[in-house]
Amino acid sequence: MLEGLATWFLNNYLGKYLENLDTDQLSISLLQGAVELENVPLRKDALRFIEPSIEVRTGVVGHIKLTIPVSRMRSEPWTLLLEKVSIVLGPQKFNQYDEEADDLVRLETKLAALDGIEGDWRAAQDGEGSSSSGYYPVTSSWLSYGTSFIGTIVENLQLDIRDVHVRYEDDVTNPQQISAMGFTLESLAAQTCDEFWSPKFVHRDPTLGQLDSFKIVSMTNMAAYLDCPAE
């Protein structure tokens, strides 16, 4: 059961960014609640929600670890650790431009934002009226756990990203002189907190008007560089 829930989480929340996410390779300890994946490549369109004209030339996440509080899943947060993240980006080449794919990316980004807003609104409406017509933005067998349970897991997720290098190389604007820029990051961490910015496990109830979620984000040792011409 736990392995299936972890697989569902990884497929739904990391699958859109990682290439051929093979959950068969995950190793899981039911006693410790640890799911680990090694050397997972990024999809070429992983970051097009930021700008559709950008593509991932190469990218890999060296280590992914999802920690699950097995005996306290309703009171303690899941923790997602991403380590050794290396990404090389570049502009999409003109002869590879796909206008329909570009429009689809922009549409999916807007729909994802609207889906979250509508989910909160419908949850509030269902709480005030009949509970027989719930709103389920994601179809999954794990909805048997209850959408409130899944939503609480996602909202309280603690994210820890370490050892990041992102580089952008432009060989399109001036093919005779490739320019590059990038940044490195030692760590980036995010955790849920209450409205007073105190870290805690939060149970948000839209029926009580609790529509806002709060996160504390910390960043350590970020550095940027410009490399023109690129070496």
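Each value in this text was obtained by applying a stated rule to the coordinates, not by laboratory testing. Computed from a prediction, not measured in an experiment: that's the story for all the values here. All Cβ positions, even for glycine, are placed from backbone atoms using ideal geometry, and neighbour counts span all protein chains on display.
Using a 7 Å offset from Cα along Cα-Cβ at ALA223, what residues in region 164-189 end up with backbone N under 17 Å from the label point?
164-168, 181-188
Students often get this wrong, so check it: of LYS44/LYS200; LYS44/LYS65; LYS44/LYS84; LYS44/LYS215; LYS16/LYS215, which have C-alpha atoms separated by over 25 Å?
LYS44/LYS200; LYS44/LYS215
Kirkwood Rh over Cα pairs of region 150-231 into Stokes-Einstein at 4 °C, 1.567 mPa s: D in µm²/s?
Details: Rh = 15.8 Å.
Roughly 82 µm²/s, to the nearest whole number.
From the phi of every residue in region 83-88, what ³J(HN,Hα) in whole Hz does the Karplus formula 6.51 cos²θ - 1.76 cosθ + 1.60 yield, where θ is phi - 60° and glycine or proline is x?
Taking θ as phi minus 60°, the curve returns 10, 6, 8, 10, 9, 10 Hz for region 83-88.
Loop-only chymotrypsin sites (Phe, Trp or Tyr not before Pro) in region 162-231, please: DSSP not H, G, I, E or B, and at most 12 other Cβ atoms within 10 Å.
For chymotrypsin sites (Phe, Trp or Tyr not before Pro) across region 162-231 that sit outside H, G, I, E and B with at most 12 neighbouring Cβ atoms in 10 Å, the list reads PHE196, TRP197.
For VAL154 and PHE183, what is the calculated FRET efficiency with R₀ set at 35 Å and r taken between the beta-carbons, to the nearest 0.05?
The pair VAL154/PHE183 has a calculated efficiency of 0.80.
How much length is gained if the chain between LEU114 and ALA190 is pulled fully straight, taking 0.36 nm per residue apart and subtracting their Cα-Cα distance, in nm to one decimal?
Values: separation 76, 0.36 × 76 = 27.36 nm, distance 2.31 nm.
Between LEU114 and ALA190, full extension yields 25.0 nm more.
How high is the FRET efficiency between ASN174 and ILE216 when r is their beta carbon distance and R₀ equals 35 Å, given to the nearest 0.05?
Taking R0 as 35 Å, the efficiency between ASN174 and ILE216 is 0.25.
Residue by residue through region 195-200, which ³J(HN,Hα) values in whole Hz follow from phi under the Karplus form 6.51 cos²θ - 1.76 cosθ + 1.60 (θ = phi - 60°), with glycine and proline marked x?
In residue order, the calculated couplings are 5, 9, 6, 9, x, 6 Hz.
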